[in-house]
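**Q** This is the structure, below, for whatever I ask next.
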Amino acid sequence: MDDKPNPGTLTENSEVLFSFGVIADIQYADLEDGYNFQGNRRRYYRHSLLHLRGAVKHWNTESSLPRCVLQLGDIIDGYNAQYKASEKSLELVMNTFQMLKVPVHHTWGNHEFYNFSRNYLTNSKLNTKFLEDHIVQHPETVPSEDYYAYHFVPFPQFRFILLDAYDLSVLGVDQSSPKYQQCLKILREHNPNSELNSPQGLSEPQFVQFNGGFSQEQLNWLNEVLTFSDTNQEKVVIVSHVPIYPEASDSVCLAWNYRDALAVIWSHKCVVCFFAGHTHDGGYSEDPFGVHHVNLEGVIETAPDSQAFGTVYVYPDKMMLKGRGRVPDRIMNYKKENAFQF
């Protein structure tokens with residue numbers, strides 16, 4: 001058993017193995033400040049790009065560079081489509097990301113699909129699947145081309161998995177396709193409202209159009225990767241735009257079939273953290289299986305005099321999120337059987 005001092009307190013011999021950056025919901029648009037759908041939360045469309053530049057500058061000047069940055073989705077706002085500015089806005093944001101000295105892994109959120117089709121995204125710079133890891137002897141860990149998901153290894157014994165939370169979705173897919181019809185059927189079965197973005201009166205309020213879900217095919221693939229990581233005593237960080245744990249999110253912003261995703265994750269020992277965006281408010285909870293669910297505060301609702309990003313420092317026995325501005329610090333201890341014996 002591990003008899004180290006309480007991992008909640010940093011000891012002199014705690015050695016950082018590596019770090020990575022996290023940022024969510026930039027939602028840039030060249031627009032004056034506005035408000036959210038309910039009209040009660042301010043959105044700083046133009047300023048979000050300045051926040052991103054501040055984050056990039058910070059990561060580039062850290063004494064030890066992060067191994068990578070996780071961009072948790074909604075990189076530009078849906079309003080861009082209305083103003084025919086989607087490509088221009090994306091280019092502006094991507095030019096800022098290109099100033100980073102480390103790789104960025106891009107997750108796709110609902111605002112990606114308000115601006116672009118899935119086909120467009122697959123052929124764009126927002127597809128970072130080329131950074132994936134290949135486990136040659138286990139072909140079952142290779143994701144299908146039908147969804148945007150992959151895994152990679154930023155540091156030995158640590159595997160990151162990027163999930164596609166809009167694999168089941170009516171967004172970004174051709175309305176004449178069988179996939180669209182299948183997803184619309186799922187949505188209408190759970191949401192009888194004429195406005196499919198409204199959760200009003202729903203017993204399962206996550207069944208709204210701005211959320212999506214994970215196909216069985218993707219969940220089977222996730223299970224295979226986690227089985228490999230269990231066998232090889234790796235630690236796993238999972239990344240998705242949409243959260244899957246109710247205690248860390250409001251009930252509306254969850255993935256359609258979040259229970260199915262949790263069932264897969266809870267059947268393995270290797271998962272340490274699940275990072276998501278989407279809620280803008282942020283949120284955190286440790287589930288009964290010791291997985292830390294972190295929902296990052298959104299850049300789009302961050303006032304000009306604040307910030308919203310973080311750097312996660314990875315130790316043998318824990319991860320520590322050092323947040324900036326609205327993002328609080330977190331200490332995330334590994335489950336006891338997961339602590340490395342260094």
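The values are calculated or read from the model by the stated rules, or taken from the named source; none is laboratory data. Computed from a predicted structure; not experimentally measured. In this analysis, Cβ positions are derived from the backbone assuming ideal geometry, glycine residues included, and neighbour counts consider all displayed protein chains. Heavy atoms of the whole protein, side chains included, go into the accessibility calculation; ligands, DNA and RNA do not. Shrake-Rupley method; radii C 1.70, N 1.55, O 1.52, S 1.80 Å.
**Q** For the stretch 229-237, what does the Karplus curve 6.51 cos²θ - 1.76 cosθ + 1.60, with θ = phi - 60°, yield as ³J(HN,Hα) per residue in whole Hz, taken in order and with x for Gly and Pro?
**A** Going residue by residue, I get 5, 4, 4, 9, 6, 8, 9, 10, 10 Hz, with x marking Gly and Pro.
**Q** Still on this structure, please answer the following. Please give the calculated 222 nm ellipticity per residue for the chain, where each DSSP H segment of at least 4 residues contributes -39500 (n - 2.57) and the sum is spread over every residue; nearest 500 deg cm²/dmol?
**A** -6500 deg cm²/dmol
**Q** Next question. Based on the mean of other beta carbon atoms within 10 Å per residue, what is the order of 191-201, 91-101, most packed first?
**A** 91-101, 191-201
**Q** Which of rounded, prolate, oblate describes the stretch 284-335, given a ≥ b ≥ c as roots of the alpha-carbon gyration tensor eigenvalues and a/c under 1.5 marking rounded, otherwise prolate only if a/b is larger than b/c?
**A** Oblate, because a/c is 1.5 or more while a/b does not exceed b/c.
**Q** Per-residue counts of other Cβ atoms within 10 Å, averaged by peptide: what ranking do you get for 147-155, 63-71, 115-123, highest first? If you can, show how the numbers build up before the last one.
**A** Details: 147-155: 20.9, 63-71: 18.4, 115-123: 16.8.
Top to bottom by mean Cβ count within 10 Å: 147-155, 63-71, 115-123.
**Q** Amide H to amide H under 5 Å from Y28: which residues, 5+ apart in sequence or cross-chain, H placed 1.01 Å off N in plane?
**A** Distant-sequence amide H within range of Y28: I76, D77.
**Q** Short version: ³J(HN,Hα) in whole Hz for each residue of the stretch 286-303, in order, from phi by Karplus 6.51 cos²θ - 1.76 cosθ + 1.60 (θ = phi - 60°), x for Gly and Pro, what are they?
**A** Result, ordered by residue: 9, 7, x, 9, x, 8, 8, 9, 10, 9, 7, 4, x, 4, 4, 9, 9, 4 Hz.
**Q** Let me spell out the model: positive unit charges on the Cβ of Lys and Arg, negative unit charges on the Cβ of Asp and Glu, origin at the Cα centre of the chain. What dipole size does that give, in debye rounded to 20?
**A** Dipole magnitude for the chain comes out near 600 debye.
**Q** Pull up all non-local amide H partners of K318: gap of 5 or more, or a different chain, and H-to-H distance under 5 Å with H placed in the peptide plane.
**A** Y334
**Q** Which value, to two decimals, describes the C-alpha radius of gyration of the stretch 245-297 once divided by 2.2 N^0.38 Å?
**A** Dividing the Cα Rg of the stretch 245-297 by 2.2 N^0.38 Å gives 1.06.
**Q** Could you work out how far apart the two model spin labels at E32 and R188 are, taking each label as a point 7 Å from the Cα in the direction of the beta carbon, and quote it in nm?
**A** My value for the distance between the label points is 4.0 nm.
**Q** Continuing with this model, one more query. What FRET efficiency, computed as 1/(1 + (r/R0)^6) with R0 = 22 Å and r the Cβ-Cβ distance, is obtained for E132 and M99, rounded to the nearest 0.05?
**A** Details: r = 24 Å, r/R0 = 1.07.
It comes out at approximately 0.40.
**Q** What full-extension length gain, to one decimal in nm, is calculated for H58 and D174 as 0.36 nm per residue of separation minus the Cα-Cα distance? Working shown, then result.
**A** Details: separation 116, 0.36 × 116 = 41.76 nm, distance 4.02 nm.
My answer for the length gained is 37.7 nm.
**Q** Once Rh is set to the Kirkwood radius over Cα pairs, what Stokes-Einstein translational diffusion coefficient, in µm²/s, holds for the chain at a temperature of 4 °C and a viscosity of 1.567 mPa s?
**A** The Stokes-Einstein estimate is 64 µm²/s.
**Q** Run the accessible area of the chain with a 1.4 Å probe and give the carbon-and-sulfur part as a rounded percent. The partial results should precede the final answer.
**A** Working: 7350 of 14800 Å².
Accessible surface attributable to carbon and sulfur in the chain totals 50 percent.
**Q** To continue, here is another question. Projecting each Cα onto the charge dipole of the chain (Lys/Arg +1, Asp/Glu -1 at the beta carbon, about the Cα centre), which of N110, P178, Y44 comes out farthest on the positive side?
**A** Y44
**Q** List, in order, the whole-Hz ³J(HN,Hα) value for each residue of the stretch 243-252 obtained from phi through the Karplus relation with A = 6.51, B = -1.76, C = 1.60 and θ = phi - 60°; use x for Gly and Pro.
**A** 3J(HN,Hα) across the stretch 243-252, in whole Hz: x, 10, 10, x, 5, 9, 9, 7, 5, 7.
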